[in-house]
Amino acid sequence: MPIPDFSHRSFSYYPTKAIVVAKCIGGVWTEPELTSDFELSLHCFSGVFHYAPECFEGAKAFMGVDGRVRFFRPEENARRMSRSAAYLDMPAPSEELFVSMCIQCIQANWEHIPPYESGASLYLRPVLFGNNPQLGINSSKDVMFVVMCSGVGTYSGAEILSTGTAVISRNYDRAATFGSGAYKIGANYAQSLHAYNLAHGQGYRELLFLDTATHTHIEEFGSSNFFAIKGDTYITPDSSSILPSITNASLRTVAESLGLKVEMRPIAVEELATFDEVGSCGTAVVITPLSRIDDKPTLEGKEVSRSYHFSEKCGPVSHKLFDRIIGIQRGLEEDTWNWCHIIEKP
Ligand SMILES: Cc1ncc(COP(=O)(O)O)c(C=O)c1O
């Protein structure tokens, strides 16, 4: 395989060398298999094709300034996958199996880890889905767990910390109040694809979903959590129907360590007018600052009922938070909270 070109990468699939696959059959896990065959063989009656018993994760490994590879908080991803699988009533890999398969995947794809200077990283995508043949509406009893990876750049392909715009989704919901929004299951994303296409088609980088019961409060973006800075306070929504973001949790810890107050509480849409900085946060986007959020009655229409404006440049507090978290991930700053696993070169 030729040496990969790491320049100008976006958040996309770039071919790598190997994936790691394990199955749980009748409650017993097989030994993980490392393979360069990226084609999976599946029974066409597998539950995943019918009722979407599927959940996944996203984690990142970074080549550090010191040439050491750091894998960021994979136990949190393992625990979240376990919660997603429990919601779908299907087996999940243990935390130990999850983390060890991810490490195996990183080591097997060592030459695909983007170099420090590229600013890119190795994105791990663990996927768990039901694969026993079935017809009736049942949870899957057997599952396949696949860990794959791709060396990725920034989410939008734009420069790090460049601002983007977002639009509020008023006529498409993401996750119902008592629904599955807190779990990382593919079905949540399927619901957002059409609305996303409409937003992207109009040049918006992000789509902001509201609470489905009243459409008065901010939930999260389609790809990431919402945060705002108001004076010396970091504010992020408290809702049982948004994904508990590992990045957001880390940012809250970092924010407190920088002397900021942290508020997790319902955020009314109109409060946007009072914020100094707003952004999206997540593994894939890290932090994307927003310069404008448009409120439109419908995503299809041209009418904008209100626009909320922010700086065209990343705000100083978002910048500080970004520097600290990226600093830890890339070995530039002390890993105060022991978030990173150092991965040995195979
Ligand atoms: C809908 C949604 N919210 C939030 C996040 C952020 O979660 P995390 O920081 O764990 O990646 C993601 C994924 O990155 C997401 O897809």
Stretch L193-S162 to full length: gain in nm at 0.36 nm per residue minus the Cα-Cα span? 8.8 nm
Write down the Å³ per residue value for the convex hull defined by the alpha carbon atoms of region 164-329. 102 Å³
Tell me which GluC sites (Glu not before Pro) from region 1-101 have a DSSP coil assignment and no more than 16 other beta carbons within 10 Å of their own. E39
Could you derive backbone 3J(HN,Hα) for region 205-214 from the dihedral phi with the Karplus parameters 6.51, -1.76 and 1.60 (θ = phi - 60°), listing whole Hz in sequence and x where the residue is Gly or Pro? 7, 10, 10, 9, 8, 10, 5, 6, 6, 10
Classify region 229-288 as rounded, prolate or oblate from the Cα gyration tensor: take a ≥ b ≥ c as the square roots of its eigenvalues, call it rounded if a/c is under 1.5, otherwise prolate when a/b beats b/c and oblate if not. rounded
Would you work out if the chain is rounded, prolate or oblate? Take a ≥ b ≥ c from the square roots of the eigenvalues of the alpha-carbon gyration tensor; rounded if a/c is under 1.5, else prolate when a/b is larger than b/c, oblate otherwise. oblate
Rounded to one decimal in nm, the spacing of the 7 Å Cα→Cβ label points at D37 and S311 is 5.4 nm
Give the separation of the Cα centroids, region 298-318 to region 178-237, in Å. 14 Å
Taking 0.36 nm per residue of separation and subtracting the Cα-Cα distance, what length does fully extending T214 through T30 add? 61.6 nm
Prolate/oblate/rounded call for region 1-119, Cα gyration tensor, a/c under 1.5 rounded: prolate
What value, in deg cm²/dmol to 500, does the helix sum -39500 (n - 2.57) over DSSP H runs of n ≥ 4 give at 222 nm once divided by the residues of the chain? -6500 deg cm²/dmol
Which loop-located GluC sites (Glu not before Pro) does region 109-187 contain, where loop means any DSSP state but H, G, I, E or B and the Cβ has at most 15 other Cβ atoms within 10 Å? E159
Suppose the chain between L97 and D238 were pulled fully straight at 0.36 nm per residue; how much longer would it get relative to their current alpha carbon spacing? 47.6 nm
Find, among the chymotrypsin sites (Phe, Trp or Tyr not before Pro) in region 135-215, those assigned to loop by DSSP (not H, G, I, E, B) with at most 10 other beta-carbon atoms within 10 angstrom. F178
Nonlocal amide H pairs with E263, under 5 Å, H built at 1.01 Å: Y234, I235, T236
Using θ = phi - 60° and the Karplus form 6.51 cos²θ - 1.76 cosθ + 1.60, what ³J(HN,Hα) does each residue of region 332-344 get, whole Hz, x for Gly and Pro? 8, 10, 5, 7, 3, 9, 6, 7, 9, 8, 7, 9, 6
Can you quote the Å³ per residue value for the convex hull of the Cα atoms in region 49-157, rounded to an integer? 109 Å³
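Coordinate-derived values only; no laboratory data. Bear in mind that the values here come from a model prediction, so they are computed numbers and not experimental data. Cβ coordinates were reconstructed from backbone atoms using ideal geometry, including for glycine residues, and neighbour counts include every protein chain displayed.
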